[in-house]
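The next block holds one structure in the form of structure tokens; read it before the comments.
Quick note: the coordinates plus some simple rules give every number you see, no bench work behind them. Just so we're clear, the structure is a prediction, and the values are computed from it rather than from any experiment. Every residue, glycine among them, receives a Cβ derived from its backbone with ideal geometry; neighbour counts consider all protein chains shown.
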Amino acid sequence: MGSGIYSFLLLKAFYKPFEAFTELAKVDPSPISIIFRYSLWLMLLPLVFSLIGAANFGWRLGANEPLMMELNSLILISVGYFFVLLFGLVTTAFISCWMAGTYGASDSLGRHFALITIVAQPLTIASIVHLFPDVLVNVLILIPTLMASSLVVWLLVAAVSLLGISMALWTMGVGPLLGV
């Protein structure tokens, strides 16, 4: 199968997911090609949407006035967001590959990177909601989208861990100054 099949699989996962996963089982893509051709581009969507939304509207965290930040802080947060997404992709692919032995599935790392990219696709597309960064709106859209994922448990543990790490870093003075 040619390299164009992967692009087709990403699109096919939306309207015929069973066939997309069946075709994915027949190919053995390179992890590097999956990361650089597809995963990185999908990971850029959430941070670009959140940067644009936060710069134009500010974050609405339940208060009357939105939280506005300087562009430098927003760029720093977006870069951090990208590295967190990259870390999430890599660790989830490795955990999926490690779990494959338990369930008798293929342990091809490239296939697991492709699997995670396909599974995370709805979440990255739904990140368009970041264009209007309101916590309630984001929760109402992203939580049901997250529940569409088959690796929900790991992703929820990772999200809670990320919140804890973020709060620990912010209390030590690393991060944006929010004036609180």
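Rank by packing, highest mean first: peptides 19-26, 40-47, 81-88, with packing defined as the count of other Cβ atoms within 10 Å averaged across residues.
Numbers: 19-26: 14.5, 40-47: 18.0, 81-88: 16.0.
Packing proxy ranking, top to bottom: 40-47, 81-88, 19-26.
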(request) Pairs of Cα atoms under 8 Å, at least six residues apart: use those to get the relative contact order of the chain, whole percent. (result) 27
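Mind putting a number on the dipole of the chain about its Cα centre? Charges go on the C-beta only, +1 for Lys and Arg and -1 for Asp and Glu, and I need it in Debye to the nearest 20. Mind dumping the intermediate values first?
Numbers: 6 positive and 7 negative charges, 53 e Å.
Dipole magnitude for the chain comes out near 260 debye.
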(message) 5 Å is the cut-off here: which amide hydrogens, built 1.01 Å from N in the peptide plane, fall below it relative to Asp134, excluding neighbours closer than 5 in sequence?
(response) Arg60
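Arranged from highest to lowest average of other beta-carbon atoms within 10 Å per residue, in what order do the peptides 124-133, 91-100 appear?
Put in order of decreasing packing, that is 124-133, 91-100.
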(message) Could you derive backbone 3J(HN,Hα) for the stretch 79-84 from the dihedral phi with the Karplus parameters 6.51, -1.76 and 1.60 (θ = phi - 60°), listing whole Hz in sequence and x where the residue is Gly or Pro?
(response) 5, x, 4, 4, 5, 5
(message) Show me, for the stretch 33-48, the HN-Hα J-couplings you get by feeding each phi into the Karplus relation (A = 6.51, B = -1.76, C = 1.60, θ = phi - 60°), rounded to Hz, glycine and proline as x.
(response) 5, 5, 4, 7, 7, 10, 4, 4, 5, 5, 5, 6, 4, x, 6, 5
(message) Per DSSP helix of 4 or more residues, -39500 (n - 2.57); summed, then divided by the residues of the chain. What does that give at 222 nm, rounded to the nearest 500?
(response) -23500 deg cm²/dmol
(message) Apply the Karplus curve 6.51 cos²θ - 1.76 cosθ + 1.60, θ = phi - 60°, to the phi angles in the stretch 87-100 and return the couplings in whole Hz, x for Gly and Pro.
(response) 4, x, 4, 5, 5, 5, 5, 5, 5, 4, 5, 5, 6, 4
(message) With Rg and Dmax of the Cα atoms in Å as the read-out, I listed (1) 20.3, 68; (2) 17.7, 56; (3) 16.4, 50; which label goes with the value calculated from this structure?
(response) (2)
(message) Of Val84, Ser50, Ile34, which is farthest towards the positive pole of the chain's charge dipole, taken about the Cα centre with +1 and -1 on the beta-carbons of Lys, Arg and Asp, Glu respectively?
(response) Ile34
